[in-house]
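Enquirer: Dropping a structure here in structure tokens format, bear with me for questions.
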């Protein structure tokens, strides 16, 4: 159904990780401000969120929330433009306007549209004269005819085909519907799809999906040799959303290939359940489930039911030798079926149990072999501290708005590479910063690197202040300042940052007063500008006082305004 309230509520919340075409920071911001309530809103969002028509988005949003603000070039065009609040959004609207005002057939109007797009001056001049002449003949005044022609000529350069927008919009709606109504099932499928992807940012996409699931209240269970499948799967869990949790897949573990997985699942089907680590080694094919596969499964916790990871890894060779001796006795037999017939389900572990590795080392195993920290983060407390201090989330960077602006980010350095400049052999570095919403490449030039080289290290949690830059289509961060969590107040105490708050059209006086009280309760050095809808020319009011604008404050502001 295209009128599902849960679906529109989800899109309006901006919590659209995994929703087709609505995942970007900019699109989430538009969705939160627009609060779409019908399918045509979604279609228009997709058509407008592109270079060119993007400038019309504030006017479109105000038109939706304030119908009195909608105007039309001429009353006769209301049936054509009413759906899009008086704005030309689709190419089809050009055809309709040319037909209504100047009597063009739809075929002639389409030739006109293509001529405008290709900037064919002779054809344009000829059609403009005809458009204005025929419009006057149809009782439109010359000024209106020329004005509408100007709209058509400007719009045809970026107008989007409505059928295309509707096709994309339908997929957006369908994926949002599934996420809103079957959240655990949808996120499970999303993780499976992303983990099977061959893209370079596969691990990051899986990590983002997992983080989004956790925020939804869905528990993510670690890989388990008896419970995990080829893909992520659902398990009953009373502490998770809808009493369903998501079990991590074995296929997403590095070094565990297709041949190994086929053998593991085939063996598990025959034995029913692996009862011990020794039994697992003895019943699987060592040519497929080799040492590297075994170590990877142990390190990520898939064998935790059989003891500590330290015990299995430290006794690894002894256990394998026992298994090899067993396999030698089975020579000449159909290996798998012979072992099952031999009642291998009773094989128990007899290696000594030793204390587990430190938590930091276990998490390091997860990061190495899963591409992410699953059960915890080694710097969780520090990450929370810098996240609250930061004024921008990496996943909220909008390339259409934020390029060239300076923000304060908080996260963990996941990679680092030092290089020397060609000109004078001075040290600088490139790296990657990751927070709970995504990652971004950063560059630290020689002068800045000299100042902060001591705190630049992999797995270090830091605050980075820098300018968002677009280099050949790739977003990166040019670092200006840095600090570690307990130094940020000193390092950034004299810094001022700018923030904008968009006020929904029908926000009442009481809510505005509450907003003012909320901001004043967080004094600091950041400048805040309030943006008030005003037709196509929103008013910008800079507050006379400054605040400490943290991500928590940003969330509180959004909650207050979204309640309208």
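The values are calculated or read from the model by the stated rules, or taken from the named source; none is laboratory data. This one's a predicted model, so the numbers in the text were calculated from it and none came from an experiment. Please note: Cβ atoms are built from the backbone with ideal geometry, for glycine as well, and neighbour counts cover all protein chains shown.
Enquirer: Considering every residue within the stretch 259-280, establish whether at least one is closer than 18 Å to residue 184 by Cβ and touching a helix residue (DSSP H, G or I) at 6+ places or on another chain (Cβ under 7 Å).
Expert: Start the filter on the stretch 259-280 by keeping residues that are closer than 18 Å to residue 184 by Cβ, which leaves none.
Scanning the stretch 259-280 turns up no residue that is closer than 18 Å to residue 184 by Cβ and touching a helix residue (DSSP H, G or I) at 6+ places or on another chain (Cβ under 7 Å).
Enquirer: For the stretch 94-159, please list each of the helices (runs of 4 or more DSSP H) lying entirely inside it that holds at least 1 residues being touching a residue at least 60 places away in the same chain (Cβ under 8 Å) and under 43 Å from the mean Cα position of the chain (by Cα).
Expert: Working: elements: 106-117, 121-137, 142-155.
Output list reads 142-155.
Residues checked against (1) at pLDDT below 90; (2) farther than 16 Å from residue 36 by Cβ:
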{"position": "53", "(1), (2)": "yes, yes"}
{"position": "60", "(1), (2)": "no, no"}
{"position": "72", "(1), (2)": "no, yes"}
{"position": "80", "(1), (2)": "no, yes"}
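Enquirer: Right, here's the next one. Give the residue, chosen from 369, 383, 363, 416, that is under 20 Å from the mean Cα position of the chain (by Cα) and either surrounded by 13 or more Cβ atoms within 10 Å (Cβ to Cβ) or not in a helix (DSSP H, G or I) (or both). Talk me through it step by step, then tell me what you get.
Expert: Working: 369 fails: under 20 Å from the mean Cα position of the chain (by Cα); 363 fails: under 20 Å from the mean Cα position of the chain (by Cα); 416 fails: under 20 Å from the mean Cα position of the chain (by Cα).
Every option except 383 fails the conditions.
Enquirer: Limited to the stretch 539-562, what total is found for residues that are under 16 Å from residue 512 (Cβ atoms) and part of a helix (DSSP H, G or I)? Please lay out each step first, then the result.
Expert: The initial filter retains those residues of the stretch 539-562 that are under 16 Å from residue 512 (Cβ atoms), namely 539-545, 547, 556-562.
This time we only want the ones that are part of a helix (DSSP H, G or I), so: 556-562.
So the answer is 7.
Enquirer: Taking the criterion of being in contact (Cβ under 8 Å) with a residue 60 or more places away in the chain and assigned to a helix (DSSP H, G or I), would at least one residue in the stretch 397-413 satisfy it?
Expert: No, the stretch 397-413 has no match at all.
Enquirer: Moving to a separate point now. Being crowded, with 20+ Cβ neighbours inside 10 Å and assigned to a helix (DSSP H, G or I) is the filter here; which residues of the stretch 160-174 pass it? Give the steps one after another, and end with the answer.
Expert: Going through the stretch 160-174, the residues crowded, with 20+ Cβ neighbours inside 10 Å turn out to be 160, 162, 165, 169, 172-173.
Passing the criteria: 162, 165, 169, 172, 173.
Enquirer: A further question follows. For residue 67, are the conditions met, namely being in contact with a strand residue (DSSP E or B) (Cβ under 9 Å, 6 or more places away or on another chain) and modelled with pLDDT under 95? Can you show your working first?
Expert: Working: in contact with a strand residue (DSSP E or B) (Cβ under 9 Å, 6 or more places away or on another chain): no; modelled with pLDDT under 95: yes.
Spelling it out, it is not the case that residue 67 is in contact with a strand residue (DSSP E or B) (Cβ under 9 Å, 6 or more places away or on another chain) and modelled with pLDDT under 95.
Enquirer: In the stretch 296-309, how many are touching a residue at least 40 places away in the same chain (Cβ under 8 Å), under 36 Å from the mean Cα position of the chain (by Cα) and either in a helix (DSSP H, G or I) or at positive phi (or both)? Walk me through how you get there before you give the answer.
Expert: To start, the set of residues in the stretch 296-309 that are touching a residue at least 40 places away in the same chain (Cβ under 8 Å) comprises 296-297, 299-309.
From what's left, under 36 Å from the mean Cα position of the chain (by Cα): 296-297, 299-305, 308-309.
From what's left, either in a helix (DSSP H, G or I) or at positive phi (or both): 296-297, 299, 301, 304-305, 309.
Qualifying residue count for the region: 7.
Residue-wise test of (1) on the phi > 0 side of the Ramachandran plot; (2) in contact with a helix residue (DSSP H, G or I) (Cβ under 7 Å, 6 or more places away or on another chain); (3) part of a helix (DSSP H, G or I); (4) touching a residue at least 60 places away in the same chain (Cβ under 8 Å).
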position	(1), (2), (3), (4)
192	no, no, yes, no
205	no, yes, yes, no
214	no, no, yes, no
225	no, yes, no, yes
231	no, yes, no, no
234	no, yes, no, no
238	no, no, no, no
